[in-house]
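Okay, structure first, notes after.
The values are calculated or read from the model by the stated rules, or taken from the named source; none is laboratory data. In this text the structure is predicted, and so the values were computed from the model without any measurement. In this analysis, Cβ positions are derived from the backbone assuming ideal geometry, glycine residues included, and neighbour counts consider all displayed protein chains.
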């Protein structure tokens with residue numbers, strides 16, 4: 001999946017998935033009945049994810065929530081994941097970690113995104129990663145110039 005590509009889908013809850021609470025509805029601004037009305041099957045979403053993300057490592061800032069959820073999705077439809085999910089912290093340097101929250105807030109404001117959706121979250125994370133990487137590289141470069149001076 002290219003950097004400019006985005007994928008997002010509502011998912012029709014499997015029969016025993018009853019955890020879409022009022023809190024989840026409020027957070028996502030999606031009533032449970034909309035999942036049934038506009039969602040796609042778990043098989044379709046799992047197939048799409050495998051096709052789009054095959055042999056890649058996907059980094060998330062919510063690994064403790066995202067990893068179990070994706071495992072549950074694939075387990076429920078009896079499919080193997082062809083990609084890996086890893087915590088974002090695995091690829092962030094120390095400076096990026098220090099800059100992360102403030103930069104993410106600025107990126108979110110700059111993009112003008114107000115809906116919580118997976119594709120929006122991925123875009124925000126991607127842009128925040130790029131910005132913090134650039135800022136950390138500038139700090140390293142500035143420190144090298146100052147040492148020479």
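Just so you know, in segment 57-77 the residues that are within 14 Å of the chain's Cα centre (by Cα) and over 25 Å from residue 99 (Cβ atoms) include one that is surrounded by the most Cβ atoms within 10 Å (Cβ to Cβ), and it is 70. Among (1) within 26 Å of residue 127 (Cα to Cα); (2) touching a residue at least 40 places away in the same chain (Cβ under 8 Å); (3) touching a strand residue (DSSP E or B) at 6+ places or on another chain (Cβ under 8 Å), where does residue 73 come up short? (1) is the only condition that residue 73 fails. Which one of these does residue 27 not meet: (1) under 22 Å from residue 130 (Cα atoms); (2) outside any loop (DSSP other than H, G, I, E, B); (3) in contact (Cβ under 8 Å) with a residue 60 or more places away in the chain? Residue 27 satisfies all of (1) under 22 Å from residue 130 (Cα atoms); (2) outside any loop (DSSP other than H, G, I, E, B); (3) in contact (Cβ under 8 Å) with a residue 60 or more places away in the chain except (1).
Being modelled with pLDDT under 95, outside any loop (DSSP other than H, G, I, E, B) and under 14 Å from the mean Cα position of the chain (by Cα): is that true of residue 135 here?
no
Within segment 87-97, is there a residue that is in contact with a strand residue (DSSP E or B) (Cβ under 6 Å, 6 or more places away or on another chain), in a helix (DSSP H, G or I) and surrounded by 12 or more Cβ atoms within 10 Å (Cβ to Cβ)? Yes, that holds for at least one residue.
Scanning segment 96-122 for residues that are touching a helix residue (DSSP H, G or I) at 6+ places or on another chain (Cβ under 7 Å) and closer than 29 Å to residue 35 by Cβ yields 104, 107, 108, 111, 113, 116. All conditions but one from (1) loosely packed, with under 13 Cβ neighbours inside 10 Å; (2) over 30 Å from residue 11 (Cα atoms); (3) at pLDDT 95 or above apply to residue 103; the one that does not is (1).
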